[in-house]
1. Would you pick out the residues in region 82-135 that are among the aromatic types (F, W, Y) and within 17 Å of the chain's Cα centre (by Cα)?
2. Would you be able to tell me the number of residues in region 279-307 that are more than 25 Å from K363 (Cβ to Cβ) and either assigned to a helix (DSSP H, G or I) or over 24 Å from the mean Cα position of the chain (by Cα) (or both)?
3. Being open to solvent by 40 Å² or more (accessible area, probe 1.4 Å) and either in contact (Cβ under 8 Å) with a residue 24 or more places away in the chain or acidic (D, E) (or both) is true for just one of S57, S106. Which residue is that?
4. Which of (1) modelled with pLDDT under 90; (2) under 30 Å from N202 (Cβ atoms); (3) among the hydroxyl-bearing types (S, T, Y) is the odd one out, the single condition Y305 does not satisfy?
5. Quick check, is G232 more than 14 Å from the chain's Cα centre (by Cα), part of a loop (DSSP other than H, G, I, E, B), closer than 21 Å to P277 by Cα and modelled with pLDDT under 90?
6. On the given criteria, is A334 loosely packed, with under 12 Cβ neighbours inside 10 Å, in a helix (DSSP H, G or I) and not basic (K, R)?
7. In region 202-213, what residues are under 18 Å from V128 (Cα atoms) and buried (at least 18 other Cβ atoms within 10 Å of the Cβ)?
8. Only one of Y217, Y268, Y254, Y278 is at pLDDT below 55 and buried (at least 18 other Cβ atoms within 10 Å of the Cβ); which?
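The values are calculated or read from the model by the stated rules, or taken from the named source; none is laboratory data. For clarity, every value in this text was computed on a predicted model and none was experimentally measured. Positions of Cβ are generated from backbone atoms using ideal geometry, with glycine treated the same way; all protein chains shown enter the neighbour counts. Quick note on the areas: whole protein, heavy atoms, side chains included, nothing else; ligands and nucleic acids left out. Shrake-Rupley method; radii C 1.70, N 1.55, O 1.52, S 1.80 Å.
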Amino acid sequence: MRHYGKIIASFFMTGMVLISGILPTSAHTGKQDAATVMEINSRGENGTDSPRRYAMSGGTWEKNSDGVWMYRDSTNQIVRNCWVLDQDMLFFVGYDGCIVKNNYSSDGFYCGENGAWDSTRTQRTWDVDPYEGAYEGNGNIWIFKLNNTGGTQKVQIAYMQTGEVYMTCTLTPVGHGCYMAWPENSGDVTTQMLIAVSDDKNTVRISSGGQTHVCTYTPNSYYYDPNNTQNGPANNQYNNNYNNGYSDGYNDGYNSGYYNSIQQNQGYNAAYEFVFPYSSTNLISEFDAQILSDYELRIALNEIYARHGRRFKDKELQNYFNSTSWYVGMYEPAEFDKIQDGLLNDIEKKNINILVKERNRRK
């Protein structure tokens, strides 16, 4: 099960690979001054009915090597941070030159699942900052550090299962609860990401490479402690890019050095207490289920119930969940079965069906 946690991180990162080098060097901001983040904001476009009146048209769409849509203007240049009018539909191209889906544009309009402007949502004309701390998604953690020293804000990105930092970005507020995140020491404009903070600050949406990932705030997260006041070495472990025990253990097949390092870090250990840490908020694919061992499959299915306090007749299962730091058994099996429909959300129910389907396939 712990090994599968690494697979989750690996698959997520595959989807989030920044497309440095894919876009031509001619990529530029359309209808905005390239020396500014978003000229639309300074022109006072707040409250406009539609981005239609400053959208670009007359160009052509094309797909990059990852199959993500980009747009070339009439001079054959790839555009960034720009609205595009295509027939009667409006699309927003992000800072990396890729179409933005399921997120706010940097001028406050919402782009739906297919990337088109959702005209049913009014433009956001207010600003909202993220919480300082950790936002966790399916595979990694985004740690926001809003020190505002000289207007500079930072975000660090780490693998969820290890806490290992792999990138630090400088954040630039662009209004409308949005930020531009640019990896430090990168001169490539196509590595820029668009981040939008929800009105309640509890989630952030990160768009890069044509994908948007939603991450949820975790109060008192052991991944981030600005004052280093938490018990145990979890925060130090994070800041030190993880220790040699982990590195050696991972490289030679999860040897005893790896497990020893895990046991010495109780705060970090919690991340390994789930097969699918976000099965209550993210759908599991059939492939996700198929690559599990029989034991992992069994735990993955029952941890969904265990999150809601179900007890288990099976002593092995009960002992397993009793050994975790998060489990609180509240309902006897028969009692839980009567009320589970009201406790489980739609995503959990779908994930249960996927896992049960895979279990039945193996019989």
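1. Initially, region 82-135 is screened for residues among the aromatic types (F, W, Y), giving 83, 91-92, 95, 104, 109-110, 117, 126, 131, 135.
Across region 82-135, the qualifying residues are Y104, Y131, Y135.
2. Total meeting the criteria: 1.
3. Residue meeting the stated conditions: S57.
4. (1)
5. Details: more than 14 Å from the chain's Cα centre (by Cα): yes; part of a loop (DSSP other than H, G, I, E, B): yes; closer than 21 Å to P277 by Cα: no; modelled with pLDDT under 90: yes.
In short, no.
6. yes
7. Across region 202-213, the qualifying residues are V204, R205, I206, S207.
8. Y268
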